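Here's the structure we're looking at; comments come further down.
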Amino acid sequence: MVPQIVLILLISMAFGVSSIPNASSEITKSRNHNVNMTHVAKSTEEFFPTGRKLGSLKGSRKLESLNESRVVLSGNITILSENNTFELGFFKTNDETKWYLGIWFASVPTPTYVWVANRERPIKNPSLATMEITEDGKLVVKEDSRTIVWETSNLDKAKDVKLLDQGNLVLVSSEGNLVWQSFDFPTDTWLPGMNLTATKWLTSWKSSTDPSQGRYSLRLQPSSYGEIVLVYNGTYPYWSTGNWSENAFVGVPEMTVPYIYKFNFISPFTPMASFGYSEVSLENGMPPPLTRFIVDFTGQIKQFTWFQQAQSWNMFWSQPENLCKTYGLCGNLGFCNSKTLNPCKCLPGFSPLDSDSWDAGDFSGGCRRESNEICSKKDGFEEVGMVSYDGARVVSITGTRSECERECLGNCSCIGLYHNERTKLCKNLYVSLLNLRNLTSDGTIEDKLYVRVQGGGNAQKKQIQGRLLLIEMICGFMVILSVGIGTFLVLKRRRIRKKNKEEEDVFPIMNLKVFSYKELNAATKGFSEKLGHGGFGTVFLGELSDSSLVAVKRLERPGGGEKEFRAEVCTIGNIQHVNLVRLRGFCSENSHRLLVYEYMPKGSLSAYLRRDGQNLSWDVRFRIAVGTAKGIAYLHEECRSCIIHCDIKPENILLDEDFSAKVSDFGLAKLLGRDFSRVLATMRGTWGYVAPEWISGLAITTKADVYSYGMTLLELIGGRRNVEAPTSARGEEGGTEEKWFFPPWAARQIVEGNIAAVIDERLCGMYDVTEAERLGLVAVWCIQDDESMRPSMGMVVKMLEGVVEITMPQPPKLLQALVSGESFHGVGVGSDNGTSRGTSRSGGFSSGYNPQLSTVSRQSQASV
């Protein structure tokens, strides 16, 4: 009996030994190649129906089962999803000693990370790092053979790991059940198919190069579960979508426009609430573009869409729009100014607490005194001005400012004081100052902030005196060297003349001045006075040596070389028309690309479309409409190369001293050759003015500018922006403002012959009825859904001037769907033709109608 048992054991051992080489061979093979994992382009719920069972997916590859921990990937090996949309592996940002396991877009050339596993515990040596499934069925990340830096929390034992093509990393059991998924543990990115719940939210990176948890998160409001909020440090909400109302959030009117998104809110206003979104196919049957929402390290939520033609991410929406409304952005004693390239700076006498983090965009450390001392009896106070603040502990003191200063200097935790010169009231500030930013003075605010600094004002005076003495010494030295400097200037002048002659030989027909970067830097006083910011760059006010004012545009992404840039500038410079802003010169020096335009003293048209802004007479409005149309028609039909503007909006329509309209920013988008009628161009338009074919990713023509002109014309007629709060809701405190989408309602009124309802009420009936009806009909013709139905800009000019008869247009179907409440391209609303203009009782986004949403099982859906 014993020999038989021994024989059986030997046979079993023989079979066991023979299986090991096969397993080892398979593991080695998986290490040497990228492993393509299973994917089906649907939501995770479709993968895992009731019972959460994965099942057998065709074409999937499962790693061979072992009785011990098995390696899934290691070192520089990566795993691709089936359609090569996403990639899983180890990555670093800019520190060679910090490596992370993460998921990123594989088809995007720019590294774009959507999920990070060990964001709090980076790996030092990637060559020893592995991702393994342990014997108890958990997925772990190891820094070496013995150190685990991250592991999943699943209770059920997993057998396989799969990377789905929607960017979801999942673990499944031997029965095919889902036991864990990365979508339940998001980082800073919100992908289609991912839901936000009471226990799942997004958390920002700490900085642009540090994926550890930052200070900002996006989550459902835990008290009501009916709105989404941005939260600082998990406790302080500083931005909200507003409550969910039938098919959209009341504070996000863009959700009601049918574009490429389908939003789902299951069980709102309950602890079981779950909000997510998916993409819908385009009208042409093409798959939707890659898209993502992200909680940026600056505290803003941003929405991006990938444009294949431009090979870049385009941002269409972000909140809060004013970066300085992000709570705690600049940290303690950091001053915020959203109009500058770097929004945060330290107050006088202070410097960043962590310069490296500050340079990387992480301002949370705030500022500290430039001296090493916490406080000193020799401290003084530096005036900052009228600013707002948060976070400080305030102690009111009755007495003079001197008494207030003495009280503050006696306590090291006192960092400054607020003082009112008229009322003699004083407030001492303790511990910290957050969210410092300028207040808009209305004549009633008289409190000034004085911050505690080393040495105070007297020290600064001594520094100024020392600098003046140094300047005097330098001037004396300059006199001695005047002969040498004179010789240098003569030689430099000859060199400049030679360079100008060479430029004239290269571009003999270009009647433009070539500026140096130094000249424009001096003219704009270091680019300090910002006039505006657009899709192509930032505009600054400048004063040339001849005392003439100019507008200097600094291009942010010029692209191309110097020769190509000069060729495009030559084309723009030769375009001369009374309704186009004249280009006076340019700068193309090293990486600097700047354009110098004539200055328009009356500013842009957008400044006159505010209810509290200056009112324009009807005659001026009509001249602006005709002048703008003539300028665009010239670009389309009379230039040697047809130019599509791509960004027609009130901000790009400038007014001269006589309120004559001039179109700006033309020629900065792609040029159309005469031999081509269409071009695939980067989407540069502004949300609300872009034609439907742009959003769908279709090719565009000059008719895209016609659509944008029509939208702008509606704003000019109504004397208001197309999206804003109605008059009845404006100025109310403590309530939620309802935002109103103007075009659907205006188009319906114009087609029904009720132009008087659309006209700006500030005109008090003082307008030409015939001209008003003509402008209204032209606007409706311009915003037709089908670009072939829109007139050319040349025909628009004739229609405005009364040369041709204007027939009655049909209301645009896309806008009509909003007015009538009918379903259009996925908008699931019931039929209700009511056209009441007031605010709805429930509060929300109104477009002059009252749609009733069909609900099924408490699930609300909206297509955007």
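The values are calculated or read from the model by the stated rules, or taken from the named source; none is laboratory data. What you see is a predicted model; the values in this text were computed from it and never measured. Here the Cβ positions follow ideal geometry from the backbone for every residue, glycine too, while neighbour counts run over all protein chains shown. With ligands, DNA and RNA removed, areas are computed over all heavy atoms of the protein, side chains included. Shrake-Rupley method; radii C 1.70, N 1.55, O 1.52, S 1.80 Å.
Within the bounds of segment 205-220, is there any residue that is surrounded by fewer than 22 Cβ atoms within 10 Å (Cβ to Cβ) and free of Cβ contacts under 8 Å to residues at least 24 places away in the same chain?
yes
Within segment 297-307, can one find any residue that is surrounded by 20 or more Cβ atoms within 10 Å (Cβ to Cβ), assigned by the TED database to the domain that holds LEU434 and not hydrophobic (A, V, I, L, M, F, W, C)?
No, because not a single residue in segment 297-307 is surrounded by 20 or more Cβ atoms within 10 Å (Cβ to Cβ), assigned by the TED database to the domain that holds LEU434 and not hydrophobic (A, V, I, L, M, F, W, C).
Could you list, in sequence order, all residues of segment 90-116 that are under 25 Å from ALA360 (Cβ atoms) and free of Cβ contacts under 8 Å to residues at least 40 places away in the same chain?
Step one: filter segment 90-116 for residues under 25 Å from ALA360 (Cβ atoms), giving 90-105, 108-116.
Of everything in segment 90-116, those that are under 25 Å from ALA360 (Cβ atoms) and free of Cβ contacts under 8 Å to residues at least 40 places away in the same chain turn out to be PHE90, PHE91, LYS92, GLU96, THR97, LYS98, TRP99, TRP104, PRO111.
Picking from ASP768, ASP760, which residue would you name as being of a type in the set (D, E, K, R), open to solvent by less than 60 Å² (accessible area, probe 1.4 Å) and either at pLDDT 90 or above or more than 25 Å from THR628 (Cα to Cα) (or both)?
ASP760
Which of the residues that make up segment 142-177 are within 24 Å of ASN125 (Cβ to Cβ) and among the small types (Gly, Ala, Ser)?
Scanning segment 142-177 gives a single hit, SER145.
What strands (runs of 3 or more DSSP E), lying completely within segment 190-251, carry at least 3 residues that are within 26 Å of ILE123 (Cβ to Cβ)?
Here the list reads 202-207, 210-220.
Taking segment 346-376, which residues are part of a helix (DSSP H, G or I) and either surrounded by 20 or more Cβ atoms within 10 Å (Cβ to Cβ) or in contact with a helix residue (DSSP H, G or I) (Cβ under 6 Å, 6 or more places away or on another chain) (or both)?
Scanning segment 346-376 gives a single hit, TRP358.
Please name all residue pairs, on different chains or six or more residues apart, with Cβ atoms under 6 Å, provided the first residue is in segment 267-295 and is assigned by the TED database to the domain that holds GLN308 and closer than 26 Å to GLY214 by Cα and the second residue is surrounded by fewer than 19 Cβ atoms within 10 Å (Cβ to Cβ) and among the basic types (Lys, Arg).
ILE294/LYS302
List the number of the failed condition for GLU787; all other conditions in (1) open to solvent by 50 Å² or more (accessible area, probe 1.4 Å); (2) touching a helix residue (DSSP H, G or I) at 6+ places or on another chain (Cβ under 7 Å); (3) of a type in the set (Asp, Glu) hold.
Going through (1) open to solvent by 50 Å² or more (accessible area, probe 1.4 Å); (2) touching a helix residue (DSSP H, G or I) at 6+ places or on another chain (Cβ under 7 Å); (3) of a type in the set (Asp, Glu) one by one, GLU787 breaks only (1).
Check segment 69-82 and report whether any residue there is within 19 Å of TRP190 (Cα to Cα), out of contact with any helix residue (DSSP H, G or I) (no Cβ under 9 Å at 6 or more places or on another chain) and at pLDDT 50 or above.
Yes, segment 69-82 contains at least one residue that is within 19 Å of TRP190 (Cα to Cα), out of contact with any helix residue (DSSP H, G or I) (no Cβ under 9 Å at 6 or more places or on another chain) and at pLDDT 50 or above.
When the residues of segment 650-675 are narrowed to those that are touching a Gly at 6+ places or on another chain (Cβ under 8 Å) and modelled with pLDDT of 85 or more, which ends up surrounded by the fewest Cβ atoms within 10 Å (Cβ to Cβ)?
The extreme case among them is SER660.
Return the residues of segment 567-583 that are at pLDDT 90 or above and part of a strand (DSSP E or B); say none if nothing qualifies.
If the condition is that a residue be at pLDDT 90 or above and part of a strand (DSSP E or B), then LEU580 is the only one that fits.
Condition (residue is open to solvent by less than 40 Å² (accessible area, probe 1.4 Å) and among the basic types (Lys, Arg)) applied to segment 93-101: is it met by at least one residue?
No, the conditions are met nowhere in segment 93-101.
State yes or no: is VAL620 at pLDDT 85 or above, within 21 Å of ILE575 (Cα to Cα) and not assigned by the TED database to the domain that holds SER547?
no
Quickly run through segment 264-289 and pick out the residues that are under 23 Å from the mean Cα position of the chain (by Cα) and part of a loop (DSSP other than H, G, I, E, B).
Those that are under 23 Å from the mean Cα position of the chain (by Cα) and part of a loop (DSSP other than H, G, I, E, B): VAL280, PRO288, PRO289.
Give all pairs with beta carbons closer than 6 Å in which a residue from segment 120-145 that is part of a loop (DSSP other than H, G, I, E, B) meets a residue that is exposed (fewer than 14 other Cβ atoms within 10 Å of the Cβ); count only pairs at least 6 apart in sequence or on separate chains.
Note: pairs meeting the criteria are LYS124/THR97; GLU135/GLU68.
For segment 608-619, enumerate the residues that are in a helix (DSSP H, G or I) and out of contact with any strand residue (DSSP E or B) (no Cβ under 9 Å at 6 or more places or on another chain).
Listed by number, the residues that qualify are TRP618, ASP619.
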